[in-house]
Every structure is written in C-alpha cells, then in structure tokens.
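Here the structure is laid out as structure tokens; the discussion comes afterwards.
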Amino acid sequence: MVSVVIPVYNGEKFIKKSIDSIIENWNGTYEIIIVDDGSTDETASICDSIAKNDTRIRIIHQKNAGLSAARNTGIEHAQGVWVYFVDGEDILA
C-alpha cells in the first residue's frame, strides 16, 4: 500500500481538485492522509466533508507548525510501505 501525504494550509481554492485528481488517477491500494496545518479558511471543513465519503482518506488537524512538521505528522500516521508526498495545490494527471 502507498500512503499519499498531503500537507495543506489555507488551501480551500485547490484542495478538492488535488484530492479528486489522486482518486481519479491512482491505481492500486492507497490511503490519503491530509494534514491540515492550522488553516484559517474553509480547508478543514472541505477536507472533513470529502473524508466522510471515502474510507481511504484520513484528516489530521494540527496547530500551524509549517510544511516540514505537517509532512512529519503525515509520516507518523502513514500505514503504507511507501510514502508519496503531494502538495495541496498539486494536480495529478
């Protein structure tokens, strides 16, 4: 299994498209771990709503600590053999 870690901060404008692109284009067994790094916009509620409908997606909310800390949080929660990082604004094609 692959763990896809997505750190995001104030990404309400692009996080849904990023998650959708992973779901639509990734084959095989995977989990998506979204680390909301203390967003002050609607990112948290958007991510929670998406995760509610897909058991492969987990959301971790944390106090803002920066990109490296968010990635490390994702690694700590990853269950996959491999870890793949996608930034919150990335779109997989």
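The values are calculated or read from the model by the stated rules, or taken from the named source; none is laboratory data. Everything numeric in this text was worked out from a predicted model, so none of it was measured. Cβ: placed from backbone, ideal geometry, glycine included. Neighbour counts: every protein chain shown. Accessible surface areas use protein heavy atoms only, side chains included; no ligands, DNA or RNA. Shrake-Rupley method; radii C 1.70, N 1.55, O 1.52, S 1.80 Å.
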**Request:** Could you list all residues from the stretch 22-79 that are closer than 24 Å to Ala93 by Cβ, in a loop (DSSP other than H, G, I, E, B) and open to solvent by 80 Å² or more (accessible area, probe 1.4 Å)?
**Result:** Asn27, Thr29, Asn53, Arg56
**Request:** State which residue is surrounded by the fewest Cβ atoms within 10 Å (Cβ to Cβ) when the search covers only the stretch 2-21 and only residues that are out of contact with any helix residue (DSSP H, G or I) (no Cβ under 6 Å at 6 or more places or on another chain) and among the small types (Gly, Ala, Ser).
**Result:** Ser21
